[in-house]
Amino acid sequence: MNLDNHADLSDVSKHEVVTKIDRIRDLSARMTSQVMERLRNTGSCQLSRMTEKPIYNQQVIVLLTQNLTKLTTVCEQQGIQVRSIESRLNEQERRTELLEAKLDALSLSNTSNYYTIRGYCNINRIKVSQKEAQSLGTQASKICRQKGCLVKKIPDERHGEVNTYPAEVLENVIELYKNRVS
């Protein structure tokens, strides 16, 4: 600190003031370091005796002001980082929702490999009764749940709505049915 412009201070008093200011700065740096270390280690910091030297009220105010300024800066930086992370997370959630909607639309439009029990049996010239078709449908639904496959519904004149299943699930169910009937 430059005190040359203060004519009312003697050289000795100027030296004493500079020395005290330097000691205060050193003390402030040590306290800030200790506070920050305690905050990093424990998440909190209690004001306790962190130094061996007595601190005067004016020094405490200066140190606390400096430390508060530093901590405010750190908190602002962390706040900016948190807002940035929240923004990126919101964008990812939005993109995930769009992808899920597209996937749902795609899976509903791609029904070429989905069949009803009766439809699959008719295509493959397999005769099944109404009761057998219901039993095969129950088995197909169970396999779909186990494999995580989607069971779709389509309108039906006789039953209102009937389930459709992936062709590979129906192949397995019908193969089991044929083996049981034979």
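The values are calculated or read from the model by the stated rules, or taken from the named source; none is laboratory data. Computed from a predicted structure; not experimentally measured. Note: ideal-geometry Cβ built from the backbone for every residue, glycine included; neighbour counts use all protein chains shown. Only protein heavy atoms, including side chains, enter the accessible area calculation; ligands, DNA and RNA are left aside. Shrake-Rupley method; radii C 1.70, N 1.55, O 1.52, S 1.80 Å.
As a test question: what accessible area, to the nearest 10 Å², does residue 24 have when a 1.4 Å probe is rolled over all protein chains in place?
30 Å²
Once a ≥ b ≥ c are taken as the square roots of the eigenvalues of the Cα gyration tensor of the stretch 135-182, is the result rounded (a/c under 1.5), prolate (a/b larger than b/c) or oblate (a/b not larger than b/c)?
Oblate is the answer for the stretch 135-182, as a/c is 1.5 or above yet b/c matches or exceeds a/b.
Just the number, please: carbon plus sulfur as a percent of the accessible area of the stretch 136-180, 1.4 Å probe, no ligands or DNA/RNA counted.
Reported share for carbon and sulfur atoms: 49 percent.
Please work out the FRET efficiency for the pair residue 73 and residue 150, using the Cβ-Cβ distance as r and a Förster radius of 45 Å; give the result to the nearest 0.05.
According to the calculation, E is roughly 0.25.
For residue 135, what accessible area in Å² do you get when you roll a 1.4 Å probe over the heavy atoms of the protein chains, rounding to the nearest 10?
Counting only protein heavy atoms, the figure is 50 Å².
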